[in-house]
């Protein structure tokens, strides 16, 4: 990477401060930059006004005001963000929720981890996906961080 390129940044939006802290710790443990957002509106504002630009956007589903489905729809409705990988990071493992996220244009679905080591492994896995060729379907779309 030359000096003119910025280091990739993970964007993560979640209204729960403990979840944001946990995610930040896991990302820093593997030497990744992370930008945290408390609301979907903050995330969307940052996307519209880079730098930085995200290498991957992680979205929690259950948030007040604007939920993860709405954020996902809004990001995918913009031509500027169609190629940005979006990972839904949620406590829900329900099939209907997962299918809805896939249909709305999420790149990947990950259930929330309860151990920081598991979250580190999951983030590391996602960082090694070639998003330019990855085609999500119900067989390769979900990473279950387990309980």
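The values are calculated or read from the model by the stated rules, or taken from the named source; none is laboratory data. Values in this document were obtained by computation on a predicted structure and should not be read as measured data. We place every Cβ from the backbone using ideal geometry, glycine too, and count neighbours over all the protein chains shown.
Computed values, structure above
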{"read-out": "Filtered residue count, the stretch 82-102, keeping only those that are within 13 Å of the chain's Cα centre (by Cα), within 22 Å of residue 25 (Cα to Cα) and free of Cβ contacts under 8 Å to residues at least 60 places away in the same chain", "value": "5"}
{"read-out": "Selection within the stretch 40-57 - touching a helix residue (DSSP H, G or I) at 6+ places or on another chain (Cβ under 9 Å) and either touching a residue at least 40 places away in the same chain (Cβ under 8 Å) or part of a loop (DSSP other than H, G, I, E, B) (or both)", "value": "52, 53, 54, 55, 56, 57"}
{"read-out": "Subset tally (residues that are farther than 17 Å from residue 72 by Cβ and either surrounded by 14 or more Cβ atoms within 10 Å (Cβ to Cβ) or touching a helix residue (DSSP H, G or I) at 6+ places or on another chain (Cβ under 7 Å) (or both)) for the stretch 98-118", "value": "3"}
{"read-out": "Any hit, the stretch 119-132, residues being at pLDDT 95 or above, exposed (fewer than 12 other Cβ atoms within 10 Å of the Cβ) and assigned to a helix (DSSP H, G or I)", "value": "no"}
{"read-out": "Odd one out for residue 73 among (1) in contact (Cβ under 8 Å) with a residue 12 or more places away in the chain; (2) more than 19 Å from residue 18 (Cβ to Cβ); (3) surrounded by 14 or more Cβ atoms within 10 Å (Cβ to Cβ)", "value": "(3)"}
{"read-out": "Unmet criterion (only one of (1) outside any loop (DSSP other than H, G, I, E, B); (2) in contact (Cβ under 8 Å) with a residue 12 or more places away in the chain; (3) closer than 29 Å to residue 139 by Cα) for residue 105", "value": "(1)"}
{"read-out": "Qualifying residue in the stretch 24-34 (condition: in contact with a helix residue (DSSP H, G or I) (Cβ under 8 Å, 6 or more places away or on another chain), surrounded by fewer than 17 Cβ atoms within 10 Å (Cβ to Cβ) and part of a helix (DSSP H, G or I))", "value": "yes"}
{"read-out": "Qualifying positions in the stretch 58-73 - in contact with a helix residue (DSSP H, G or I) (Cβ under 6 Å, 6 or more places away or on another chain) and assigned to a helix (DSSP H, G or I)", "value": "71"}
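Table: residues versus (1) modelled with pLDDT under 95; (2) surrounded by 13 or more Cβ atoms within 10 Å (Cβ to Cβ).
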{"position": "7", "(1), (2)": "yes, no"}
{"position": "15", "(1), (2)": "no, yes"}
{"position": "19", "(1), (2)": "no, yes"}
{"position": "41", "(1), (2)": "no, yes"}
{"position": "81", "(1), (2)": "yes, yes"}
